[in-house]
Amino acid sequence: AAVTLQASPAQMGALSAVVTAPLLAGLGFVPVALATPALAIPLLTPHRLQGRMNATMRFLVWGTMPLGALAGGALGQVLGLRATIAVAAVGAALASLWVWRSPVRALEGIPERAEG
């Protein structure tokens, strides 16, 4: 027997957002997660410090995810689901501003690194 989904247009819009948002976020996260250890660390970090740099980057990225989950859960309890999602969306948009305002935008090539 076929199952039919009966939902309002608003519910269908919400469902499509819930399905596509993680997909789009993943499409952005994967290139960054691959490029940082594969390109940035070897090109910009002296060879003797690459292990430490890689460990630090992994700790900062992966180690803080549980803290974000806890903060999201706490915000969800205090503010409610919609407000928490709005806060997360604004936070994600603001997270890229540090790159926009940094000297990284002015780079025209890979800077020379100090050997050591």
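The values are calculated or read from the model by the stated rules, or taken from the named source; none is laboratory data. No experiment lies behind these values; they were computed from the predicted model shown. So basically every Cβ, Gly included, is an ideal-geometry build from the backbone, and we count neighbours across all protein chains shown. Side chains are part of the model used for accessible areas, which takes the heavy atoms of the whole protein and leaves out ligands, DNA and RNA. Shrake-Rupley method; radii C 1.70, N 1.55, O 1.52, S 1.80 Å.
Summary table
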| quantity | calculated |
| --- | --- |
| Residue identified as touching a residue at least 12 places away in the same chain (Cβ under 8 Å), closer than 17 Å to Ala95 by Cβ and polar (S, T, N, Q) among Thr64, Thr84 | Thr84 |
| Criterion (aliphatic (A, V, I, L, M) and at pLDDT 85 or above) met by exactly one of Leu5, Leu44, Leu27, Leu49 | Leu49 |
| Extreme residue, farthest from Ala33 (Cα to Cα), among residues of the stretch 52-68 that are loosely packed, with under 10 Cβ neighbours inside 10 Å and modelled with pLDDT of 90 or more | Leu67 |
| Residue in the stretch 103-111 that is under 22 Å from Leu24 (Cα atoms) and either loosely packed, with under 10 Cβ neighbours inside 10 Å or of a type in the set (Phe, Trp, Tyr) (or both) present | no |
| Filter pass, Gly91 being within 30 Å of Ala14 (Cα to Cα), free of Cβ contacts under 8 Å to residues at least 60 places away in the same chain and assigned to a helix (DSSP H, G or I) | yes |
| For Val18: the one exception among (1) open to solvent by less than 60 Å² (accessible area, probe 1.4 Å); (2) within 17 Å of the chain's Cα centre (by Cα) | (1) |
| Any hit, the stretch 66-73, residues being under 25 Å from Ala17 (Cβ atoms) and either of a type in the set (D, E, K, R) or part of a loop (DSSP other than H, G, I, E, B) (or both) | no |
| Evaluation of Trp98 against (1) touching a Pro at 6+ places or on another chain (Cβ under 8 Å); (2) open to solvent by 100 Å² or more (accessible area, probe 1.4 Å) (one fails), failing number | (1) |
| Given (1) more than 17 Å from Ala92 (Cα to Cα); (2) exposed (fewer than 12 other Cβ atoms within 10 Å of the Cβ); (3) within 23 Å of the chain's Cα centre (by Cα), index of the condition Gly13 fails | (3) |
